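Each remark here refers to the structure printed beneath this line.
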Amino acid sequence: MRRALVVLVAVVLAVGGCSHKKPLIPPDRLWSEGNKAFEEDAFELAIERYKTLLDQHPFDANAEEAELKIARAYYMAGRHPEAIAAFGDFERMHPTSPNLAEVEYHLGLSYMAQMRTTDRDQEPSTNAQSYFKNVIDRWPQSSWAEKSRLRMKECRESLAKHEADIAAYYLRHKNLRAAEARLRFLLTDYPEADATAQALYDFANLYASRKEPEGATLALATLARYHPEHPLAADARRLLGPEGAGLDGTDPLPRLVDRIGEMQSQGDRRKLPSTVSAYPDTGNASGQRY
């Protein structure tokens, strides 16, 4: 009798414990509901359905695809930090997945979506560029590589514009040596960028006003050679004339870089009025930024 009572209590406790567990939802239903929500742009619901699928059926045939769709849904919902985390988790958990090119591309897009104006920190642009370059290097023949080339150009333009803006800031503050350092960086890292073309034109005018004809000629020639279709190129060719445009057929860019190095050693460039930060405080009375 006593033993029967113990068994009865054990059964009751077991039944009671099970009654508090949520019933499992069939995986096919969760997968279908998640996909339907995704297609209807109900991304938060899609994420919830996919996550439930992974929680309740971690070894389901659709589990890996559900992880990828969670990351896509975060991106489509504009939740870019969460998308970066989810794509990164997928990449670490599935290092041989055939979807890695897409994952890397969307990691780049997620960082790119966080890019701000060129007077702000450029870390998102740098991170995005790294992922797009990785896609191009690892999967050069894929459709994702072609998309990455276009996106990478946008990142490079943003980064070049940032450098050109700082160079212009230094010029306004009569800090020629620092401005020329930024120009050299543009020439070596972003020679093809539109921002570099504008910087070359501005420096050519500056060198002409300072009676430094070699620097002016090399800046205009570099602009004409590397940016032949740029609106400023026609003016550069006009100013160069038929003799200066060719420069004996040599590439003017490395000559300009070397010439800038020589000019930076001149005394009037070393005697600066004051040291100026490229990142001034934004909370001053005028609110002025570079």
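The values are calculated or read from the model by the stated rules, or taken from the named source; none is laboratory data. Predicted model only: the values in this text are computed from it and were never measured. Cβ sites come from the backbone with ideal geometry, for glycine too, and all protein chains shown count toward neighbours. Remember, those area values only see protein heavy atoms, side chains included, never the ligands or the DNA or RNA. Shrake-Rupley method; radii C 1.70, N 1.55, O 1.52, S 1.80 Å.
Within the stretch 128-215, the trypsin sites (Lys or Arg not before Pro) that combine a DSSP coil assignment with at most 14 other C-beta atoms in a 10 angstrom radius are LYS174, ARG210, LYS211. Using R0 = 41 Å, the C-beta based FRET efficiency linking ALA234 and MET76 works out to 0.40.
What FRET efficiency, computed as 1/(1 + (r/R0)^6) with R0 = 41 Å and r the Cβ-Cβ distance, is obtained for ALA63 and ARG120, rounded to the nearest 0.05? Numbers along the way, then the final one.
On the way: r = 39 Å, r/R0 = 0.96.
That pair, ALA63 with ARG120, gives E of 0.55.
The charge dipole of the stretch 124-183, taken about the Cα centre with unit charges on the Cβ atoms of Lys, Arg (+1) and Asp, Glu (-1), comes to about 60 debye, rounded to the nearest 20. Name the residues of the stretch 34-68 whose amide N is less than 11 Å from a point 7 angstrom out from the Cα of LEU24 along the C-beta direction? Only 56-60 fall inside the zone, counting backbone N under 11 Å.
With the Cα gyration tensor of the stretch 126-235 giving a ≥ b ≥ c as the square roots of its eigenvalues, does the rule (a/c under 1.5 for rounded; else a/b larger than b/c for prolate; else oblate) give rounded, prolate or oblate? It comes out prolate by the Cα gyration axes. Toward the positive end of the charge dipole of the stretch 29-162, with +1 on the Cβ of Lys and Arg and -1 on the Cβ of Asp and Glu, the farthest Cα among THR126, SER158, SER97 is that of SER158.
Summarising the label geometry, the points placed 7 Å from Cα in the beta-carbon direction at SER143 and GLN56 lie 3.3 nm from one another. Restricting the GluC sites (Glu not before Pro) of the stretch 17-94 to loop positions (DSSP other than H, G, I, E, B) with no more than 16 neighbouring Cβ atoms within 10 Å leaves GLU40. When Rg and Dmax are taken over the Cα atoms of the stretch 56-191, they come to 18.4, 66 Å.
My understanding is that a pair violates if its Cα-Cα distance is over 32 Å; which of LYS69/LYS153; LYS51/LYS147; LYS51/LYS161; LYS36/LYS133; LYS69/LYS147 do that in this structure? Could you put the intermediate results ahead of the total?
Details: LYS69/LYS153 27 Å; LYS51/LYS147 30 Å; LYS51/LYS161 41 Å; LYS36/LYS133 34 Å; LYS69/LYS147 20 Å.
From LYS69/LYS153; LYS51/LYS147; LYS51/LYS161; LYS36/LYS133; LYS69/LYS147, over 32 Å: LYS51/LYS161; LYS36/LYS133.
The SER97 and LYS174 beta-carbon pair, evaluated with R₀ = 45 Å, returns a calculated FRET efficiency of approximately 0.25.
Is the shape of the stretch 182-242 rounded, prolate or oblate, going by the alpha carbon gyration tensor and its root eigenvalues a ≥ b ≥ c, with a/c under 1.5 for rounded and a/b larger than b/c for prolate? Because a/c hits 1.5 or more and a/b fails to exceed b/c, the stretch 182-242 counts as oblate. Residue order by solvent-accessible surface for ARG237, ARG116 is ARG116, ARG237, largest first, with ligands and nucleic acids left out and a 1.4 Å probe.
Using a ≥ b ≥ c from the Cα gyration tensor of the stretch 26-89 (square roots of the eigenvalues), is it rounded, prolate or oblate, where a/c under 1.5 gives rounded and otherwise the larger of a/b and b/c decides, a/b for prolate? Taking the square roots of the gyration eigenvalues as a ≥ b ≥ c, the stretch 26-89 is oblate.
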